[in-house]
Amino acid sequence: MSFAELIAGAENREHGLAITVPETWLQGRTAYGGFSAAVALSAAMKVGGEGLPPLRSAVVSFVGPAYGALEARARVLRRGKNATWIGAELTREGEVTATATFVFMGPVESTLHLNDCPPPAYLSAPEDGATYKSHPLMPAFMRENFEARFAVPKSDAKQPELCWWVRMNERDGLDPMSEVLLIGDALPPGVLPLLGARVPVSSMTWQVNLLTPAPVTRDGWFLLRSRGDYAETGCSSQTMTVWDANGAPVASGMQSIAVFG
């Protein structure tokens, strides 16, 4: 079942919706973070109603394991002249698994124009990148829902950075902003090349800013880069950027990662 089909078939609740997390969206014992964020967004858009402006920012906290039957509840925090804030909460058996705050904002007139988000140099086209092949440690959500290809040449020097082309296997009927959230967290943490694949890691928080009100791309391909810039006492901070297939920036963000090793 695709994500769009899952949301279309969700049980309606007065302030959101209820779903059962498919095993194909699990990352270990919990739902993949991008999945939880996209479910929370679906509840927020349902509560926000018709005429909601485009999503421009989201702050998500991954509080506890999300699996089995989940309920997503949302409420409008404020409707301003140009922006609407909506809070959402995911629960399992009454326990909070994730919280999110979304900001929806329409365009306003401005004389400021700045775009300093260039894609990496030495970039392969998505059609030419080497395919990231499945292996026993690959989480279910990645194996079942995404195709990934390496975007930059492999280096012998270990750097706290990953850069891949990623696209969803099933995109029909999918809301564009949900697609960005589903894809935006698909990479392993940027520090993984310094750790090895067997070291447990867990996302704690994720802030993502949407840089376009209408994300589109060629053949579903998005370029993702995650770069770790700090790690001490089990906590790592990383920056994250998403571009479309032509190199135009789509989203930027930051994530806090717990490293258990």
Mind checking which lysines have their Cα closer than 23 Å to the Cα of Lys46? Skip sequence neighbours fewer than 8 apart in that chain. Lys81
Show the residues, 5+ positions off or on another chain, whose built amide H is closer than 5 Å to the amide H of Met204. Ser256, Ile257, Ala258
From the mean inverse distance of alpha carbon pairs (Kirkwood) and the Cα radius of gyration, derive Rg over Rh for the chain. 0.95
Taking other Cβ within 10 Å of each residue's Cβ, how do Ser178, Ser252, Ser42 sort, fewest first? Ser252, Ser178, Ser42
Along the charge dipole of segment 65-115, pointing to its positive end and built from +1/-1 on Cβ of Lys, Arg, Asp and Glu, which listed residue (Ala69, Asn82, Val103) has its Cα farthest out? Asn82
Tensor-based shape of segment 114-261 (alpha-carbon gyration tensor, a/c under 1.5 rounded, otherwise prolate or oblate): rounded
Quote the FRET efficiency, to the nearest 0.05, computed for Ala157 versus Ala197 with a Förster distance R0 of 22 Å and r equal to the Cβ-Cβ distance. 0.75
Relative to the Cα centre, what is the charge dipole magnitude of segment 157-256, using +1 at the beta carbon of each Lys and Arg, -1 at the beta carbon of each Asp and Glu, and rounding to the nearest 20 debye? 300 debye
May I ask you to list the GluC sites (Glu not before Pro) in segment 163-261 that are in a DSSP loop and have at most 16 other Cβ atoms within 10 Å of their Cβ? Glu170
Determine the relative contact order of segment 65-204: mean sequence separation of Cα pairs under 8 Å and six or more apart, normalised by residue count, in whole percent. 14 percent
Classify segment 170-222 as rounded, prolate or oblate, taking a ≥ b ≥ c as the square roots of the eigenvalues of its Cα gyration tensor: rounded when a/c is under 1.5, otherwise prolate if a/b is larger than b/c and oblate if not. prolate
Evaluate the charge dipole of the chain about its Cα centre and quote only its size in Debye, nearest 20, assuming +1 on the Cβ of each Lys and Arg and -1 on the Cβ of each Asp and Glu. 360 debye
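Where a number appears in this text, it was derived from the coordinates with a stated rule and is not lab data. Being a predicted model, the structure only gives us computed values, none of them experimental. Cβ: placed from backbone, ideal geometry, glycine included. Neighbour counts: every protein chain shown.
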